[in-house]
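Engineer: Just dropping this structure here.
The values are calculated or read from the model by the stated rules, or taken from the named source; none is laboratory data. These numbers were taken from a predicted model, which means no experiment stands behind them. Heads up, the Cβs are rebuilt from the backbone with ideal geometry, glycines too, and the neighbour counts pull from every protein chain shown.
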Amino acid sequence: MAYDLDNTFAKILRGEIPNDTVYEDDEILAFRDINPQAPVHVLVIPKGAYVSIDDFGRDAAPEVIGRFFARVRAIADELGLARPGYRAIANIGGDGGQEVPHFHVHILGGGPLGRMVAKQSS
Ligand code: AMP
C-alpha cells in the first residue's frame, strides 16, 4: 500500500491540523486521541512516512525502530501507566481496523480496559 500524503496524521505532522501534543522529538510525535477510548488515550507516531507496522518493521532502520518502541514505553511511564498497567495497540489494514494509514501505536490506560478484543461468536 502506497503512503497517502493526505492522511490525517501526515497533515498533523505538516501542522495543517492541530493536535494535543504529549511528546515530540526529531523522529516521533505523540498526541492525545481526538476520540478517546479510555481515560488516557495517546497516539505515538514516527515522523517518517510509514503506513503501518508492516512497512515500518520492514523498512525503517533498526535503530529507528528501537528508539520508537523505547519512546512508547517512556511515554506510558511518564503518563503514570507503567505501574497500574496499560495497553499498546497497533491496528494494521482492513481486518485490523486501521482507519488512519500512518503507522501509530495507541497507548490506552487510566483504568481497567477489559478484554483485548470483542469475543467472537462461534
Ligand atoms: P486506527 O483505527 O488505529 O487507525 O486509529 C486511528 C485513531 O486516530 C482513532 O482512534 C481516531 O480517534 C484518531 N484520530 C483521528 N483523527 C485524529 C485527530 N485529528 N487527532 C487525534 N486523533 C485522531
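Engineer: Please state which one of Val22, Val40, Val51 is of a type in the set (Val, Ile, Thr), under 27 Å from Val117 (Cβ atoms), touching a helix residue (DSSP H, G or I) at 6+ places or on another chain (Cβ under 7 Å) and within 14 Å of the ligand (Cβ to nearest atom).
Structural biologist: Answer to the selection: Val22.
Engineer: Scan Gly110, Gly114 and give me the residue that is among the small types (Gly, Ala, Ser) and within 14 Å of His41 (Cβ to Cβ).
Structural biologist: Gly110
Engineer: Turning to a different aspect of this structure: When segment 80-99 is examined, which residues are found to be assigned to a strand (DSSP E or B) and near the ligand (Cβ under 8 Å from one of its atoms)?
Structural biologist: Ile89
Engineer: Return the pairs, sorted by first residue and then second, in which the second residue is of a type in the set (Phe, Trp, Tyr), the first residue lies in segment 93-106 and is farther than 16 Å from Tyr50 by Cα, the beta carbons are less than 8 Å apart, and the residues are 6+ apart or on different chains.
Structural biologist: Cβ pairs passing all conditions: none.
Engineer: A further question on this structure: Condition first: in a loop (DSSP other than H, G, I, E, B) and at pLDDT 95 or above. Now tell me which residues in segment 100-122 satisfy that.
Structural biologist: Matches in segment 100-122: Val100, Pro101, His102, Phe103, His104, Gly110, Gly111, Pro112, Leu113.
Engineer: Within segment 1-57, work out how many residues are surrounded by 14 or more Cβ atoms within 10 Å (Cβ to Cβ), of a type in the set (Gly, Ala, Ser) and in a loop (DSSP other than H, G, I, E, B).
Structural biologist: Residues in segment 1-57 being surrounded by 14 or more Cβ atoms within 10 Å (Cβ to Cβ), of a type in the set (Gly, Ala, Ser) and in a loop (DSSP other than H, G, I, E, B): 4 in total.
Engineer: Please name all residue pairs, on different chains or six or more residues apart, with Cβ atoms under 9 Å, provided the first residue is in segment 20-36 and is under 15 Å from Val100 (Cα atoms) and the second residue is at pLDDT below 95 and within 7 Å of the ligand (Cβ to nearest atom).
Structural biologist: Filtered contacts from segment 20-36: no entries.
Engineer: Which of the residues belonging to segment 95-122 are crowded, with 17+ Cβ neighbours inside 10 Å and more than 20 Å from Ala10 (Cα to Cα)?
Structural biologist: If the condition is that a residue be crowded, with 17+ Cβ neighbours inside 10 Å and more than 20 Å from Ala10 (Cα to Cα), then Leu108, Gly109 are the ones that fit.
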